[in-house]
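Student: Before I ask anything, here is the structure I am working with.
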Amino acid sequence: MDDKHRYFDAEKLFRLKDEHCGYRFCPRCGTALAAAELDGHTRLSCPDGECGFVYYQNPVPAAGVVIVEDDRVLLVKRAHPPRIGWWCLPAGFMEWREHPTQTAIREVGEETGLQVELTSFFEVYSGTDDPRANAVLILYLAKRVGGVLRAADDALDVRFFGFEELPDKIAFAAHRQALADYNRRFRA
């Protein structure tokens, strides 16, 4: 791993996810958080009765696209952890005040250099195999409307693959499932 990624420790991040993402103190008042049974779940909460903060460990929303041209699907080779060098659909985490459709369009541009038009909603997936966060991945079908296909900011490579020649190393289970679902729904 190169110098800029030397501090990325997937095992540590997975452990932190299981330990309330490392939260130990109330972000409102600074009191040490305590485990408590709330709503049928063990949650961290602030024991200060006046504060009342509860840490809800919720998934992070993400969005992306499935682009198919001439029966070939567009994949991106990851340039950043986790799983550098593995392939995935163009997708990423939502920014604050961003709609999922905006995220999908932005991410495909950042990763592939393409401008796209979303043609329809595809599916929603739950992703738990990313050490950074559990994700709710919202995928859209899209078509190219401009730009030049190139590996951009977040990619080592970008290319179209036939469904019978997909790479072995697809980075995330949700992406593998989306590819299988597309194959079953539109190609079977």
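Student: So I have (1) 16.5; (2) 18.2; (3) 17.1, and one of them is Kirkwood radius over Cα pairs in Å calculated from this model. Which one is it?
Tutor: Calculated Kirkwood radius over Cα pairs in Å: the matching label is (2).
Student: Among ASP157, ASP39, ASP48, determine the one that fluctuates most according to a GNM of the chain built with springs between C-alpha atoms less than 10 Å apart.
Tutor: So, out of ASP157, ASP39, ASP48, the one fluctuating most is ASP39.
Student: Extending each Cα 7 Å along its Cβ direction at ALA36 and TYR7, get the distance between those two points in nm, one decimal.
Tutor: 3.4 nm
Student: Further question on the same structure: Run the dipole for the chain about the Cα centre, Lys and Arg Cβ at +1, Asp and Glu Cβ at -1, nothing else charged, and hand back the magnitude in debye, nearest 20. Don't skip to the end; give the middle numbers.
Tutor: Numbers: 24 positive and 29 negative charges, 29 e Å.
Roughly 140 debye for the chain.
Student: For ASP153 paired with ARG72, estimate the spin-label separation in nm (one decimal), with each label point 7 Å from Cα along the Cα-to-Cβ line.
Tutor: Going by the 7 Å Cα→Cβ label model, 2.7 nm.
Student: Looking only at ARG159, ARG106, ARG28, which one moves most when the chain is put into a Gaussian network model with springs between Cα atoms under 10 Å?
Tutor: Checking each option, the largest mean-square fluctuation is seen for ARG28.
Student: Could you tell me which helices of the chain pass both thresholds, a Cα extent of 20 Å or more along their own axis and a mean Kyte-Doolittle hydropathy of at least -1.0, with helices taken as whole DSSP H runs?
Tutor: Helices meeting the span and hydropathy rule in the chain: none at all.
Student: Given the chain, what count of lysine pairs have C-alpha atoms under 22 Å apart, with each pair 8 or more places apart or on different chains? Walk me through the intermediate numbers first.
Tutor: Working: LYS4/LYS12; LYS4/LYS77; LYS77/LYS143; LYS77/LYS169.
For the chain, the number of qualifying lysine pairs is 4.
Student: What FRET efficiency do you get for TRP96 and LYS169 if R0 is 45 Å and r is their Cβ-Cβ distance, rounded to the nearest 0.05?
Tutor: 0.90
Student: Further, regarding this structure: Work out the charge dipole of the chain with +1 on the Cβ of Lys and Arg and -1 on the Cβ of Asp and Glu about the Cα centre, then indicate which of GLY40, ALA180, PRO167 is farthest towards its positive end.
Tutor: Farthest along the dipole direction, towards plus: PRO167.
Values quoted throughout were computed directly from the atomic coordinates according to the rules given, and no laboratory measurement underlies them. Everything numeric in this text was worked out from a predicted model, so none of it was measured. Counting neighbours? That spans all protein chains shown, and the Cβs are built from the backbone with ideal geometry, glycine included.
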